[in-house]
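The values are calculated or read from the model by the stated rules, or taken from the named source; none is laboratory data. This one's a predicted model, so the numbers in the text were calculated from it and none came from an experiment. Note that we place each Cβ from the backbone using ideal geometry, even for glycine, and neighbour counts take in every protein chain shown. Surface accessibility is based on the protein's heavy atoms, side chains included, excluding ligands, DNA and RNA. Shrake-Rupley method; radii C 1.70, N 1.55, O 1.52, S 1.80 Å.
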Amino acid sequence: MKHLVSLLAFTFATVSVGAISAEEAFCPKVYHKGVLELDINPAFLHVDEYNYGNGQKVEGLTVSSFYNMDFSTGRPFAADQVGLIMDIDHVTPDNFDFDANYAKLTDLAPGMPKTTWPNEAQRVPDGVLPFEAVVAPQGFHAPPFAGRLTLINLDSPNKQEYIVHQSTMNPAFPPGSPNNSPRFYHVALFHDMDGDGLDDIVTVRSGFKILTTVMPPMVYPPFSELVWFRNPGALIDPNTPWQAVVLYGGPFAGFMGPDIALEMYDFENDGVPEIVATHFFTGDSSMAPGGMPTKGKIAIYGAPVGGSWLDVNAYSPYAQPRVKVISDNRGFPFGLEIVDLNGDGQVEVLATNHQVNCTPYPTPAGQVYVLEPPVSGNIFSEEWPATVLLDGIRPQPNAPGARSMRMAPGHAITFYPKEKQDKPGKRPWIVVSGDQAGKVWIMKPEGDAFGYDTAVLFDINDYYGANTTQTATASGVYISTIGKPALRYDDEKGKGCKHGHHGKKSKAVTEIYIPVFEAMDIHVFSFDKDKGEDKVVCPADVTLSCTP
């Protein structure tokens, strides 16, 4: 029996529900291509180009999978892992075979598995390492294993893992000791932080843990940091951790740095990018140590004026970064993307929060929203206006009146239905992962500024059967969670001239890969119609009641 939780679950009681208003007139011309049936739980998906021999590259779908705990044994129900479905131009729901098309990338050597709760795994950009690799940020507050950040060498026959950071966890020692300093990572970015010509790893991490497999339960209080790891270049070694530099979250910030998501962008156009990051567990700096946060926030971090990130160190009172909180009243922030949403040539911050259903606390519902940089350009001194694009998102309770750890939405990802539409001034569409709302929304730009028409593209209760999210399978699983989708341009009708290659006009259209975590399925949708296919009929936007 699996005890399955949200991709980012939190401990709250739930008692009431809200409803989201749907735009009935809008349903895009999208077609359901079918399902890739897996033998693992797909959580986070990512599409990248991978080496395919003879100088060729093909697109691959990177998949992370993790499992909850069997509390009777203190072990996961199955081994966590990162895997790859290669050459997805030629892999379809009709010909997909899990054993033939899926390649596991982690823990291939004999011995106990080391991978723990992998999150946003993706291919490392060319030139960062002397080999082709996938970065695997790992860990979360629920598993009783220490998180880690690793690189998977795809050129190695056994997919050798290289340690960037391996944290520690042992409840017998006090928090903060060398033997008990858990950290977990969700995403990693690559940027040359020290000017040596090599891209380093920039990330955020948290140490918040609630470990119920020991008695009394161990609580490691929220402890989060903005950090970068120095690329060792030719000295890289599988077992030698990378040197870490903490930028924010040290003693002068009360160890309350950002923790889940981050993006980098040069808002000041001075050659030194700023960092936008979320404080999910550390948004309320006034809470007591070891207590539960009551809200989150999003902040922007910058190097000193005229300086670089080499001038920043969280452990020096004279080397603190510039910091500005740009949002602190929209619940717990989760997803981030920096993108020009209104087509004016200036980027904004697209964000989602991650909210509890039926909460007794006066927190906002799940939302997709945008934060605009100040028109003046004074990004560290003036307010960032906020506009809500989609409101009222609620997770599905796994039973009427259930008090459970359920949150929504997940990520919001921008895209264009056709590759040729991706050009300056053209407003992007948005796909929204519902996480434990069990739905995926699609949003089409309409009108000026930030107007959008919205429809439900996919609903677990519509596809798998009424009340599926409240009906346990024979093995005790509730199919209720949508992971992070991935998108790509499929140029099947362009006859190989993908992305406008060979001087021919691209006909590439968008495909959307939607992971249904507990069902072990990846649903494939496309803006391209094949013979005999019918347009998706958008289901009504319905949230089951929390009232018994």
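The mean accessible area for residues of the range 84-152, using a 1.4 Å probe and ignoring ligands and nucleic acids, is 38 Å² per residue.
Per residue, the accessible area of the range 245-351 comes to 37 Å² when a 1.4 Å probe rolls over the protein heavy atoms. Label separation (Ala25 vs Asp39): 5.1 nm, computed from points 7 Å beyond Cα along the C-beta direction. Considering only alpha-carbon pairs that sit under 8 angstrom and 6 or more positions apart, the relative contact order computed for the range 370-467 is 19 percent.
The protection proxy used here, the mean number of other Cβ atoms lying within 10 Å of each residue, ranks peptides 419-429, 201-211, 375-385 as follows, highest first: 201-211, 419-429, 375-385.
Toward the positive end of the charge dipole of the chain, with +1 on the Cβ of Lys and Arg and -1 on the Cβ of Asp and Glu, the farthest Cα among Tyr452, Ala234, Pro130 is that of Tyr452.
Relative contact order (percent) for the chain, with alpha-carbon contacts under 8 angstrom and 6 or more residues of separation?
On the way: 1515 pairs, mean separation 89.4, N = 548.
So the answer I get is 16 percent.
Which entry in (1) 3, 16, 25, 22, 15, 10, 5, 3, 1, 0, 0; (2) 4, 18, 30, 30, 16, 3, 0; (3) 4, 18, 28, 27, 16, 6, 1, 0 is this structure's computed P(r) over Cα pairs in 10 Å bins from 0, in percent? The calculated read-out lines up with (2).
Ignoring ligands, DNA and RNA, please state the percent of accessible area on the chain from carbon and sulfur, probe 1.4 Å. Walk me through the numbers before you get to the answer.
Numbers: 11100 of 21780 Å².
Of all accessible area on the chain, carbon and sulfur atoms account for 51 percent.
Charged neighbours of Leu61, selected by a Cβ distance under 13 Å, balance to -4 (K, R count +1; D, E count -1).
With a Förster radius of 30 Å, plug the Cβ-Cβ distance of Lys418 and Thr387 into 1/(1 + (r/R0)^6) and report the FRET value to the nearest 0.05. List each step's numbers first, then the result.
Working: r = 26 Å, r/R0 = 0.87.
Once the sixth-power term is evaluated, E becomes 0.70.
Using only Cα atoms, locate the centre of the range 393-460 and the centre of the range 320-358, then give the distance between them in Å, rounded to an integer. Going from one Cα centre to the other spans 15 Å.
Computed over protein heavy atoms with a 1.4 Å probe, the accessible surface of the range 371-461 works out to 36 Å² per residue. Summing Lys and Arg as +1 and Asp and Glu as -1 over all other residues whose Cβ lies under 12 Å from the Cβ of Val245 gives a net charge of -3.
Look at the alpha carbon pairs under 8 Å that are at least 6 residues apart: their mean separation over the length of the range 128-263 gives a relative contact order of 21 percent. Model label sites at Phe98 and Lys535, defined 7 Å from Cα along the beta-carbon direction, differ in position by 3.5 nm.
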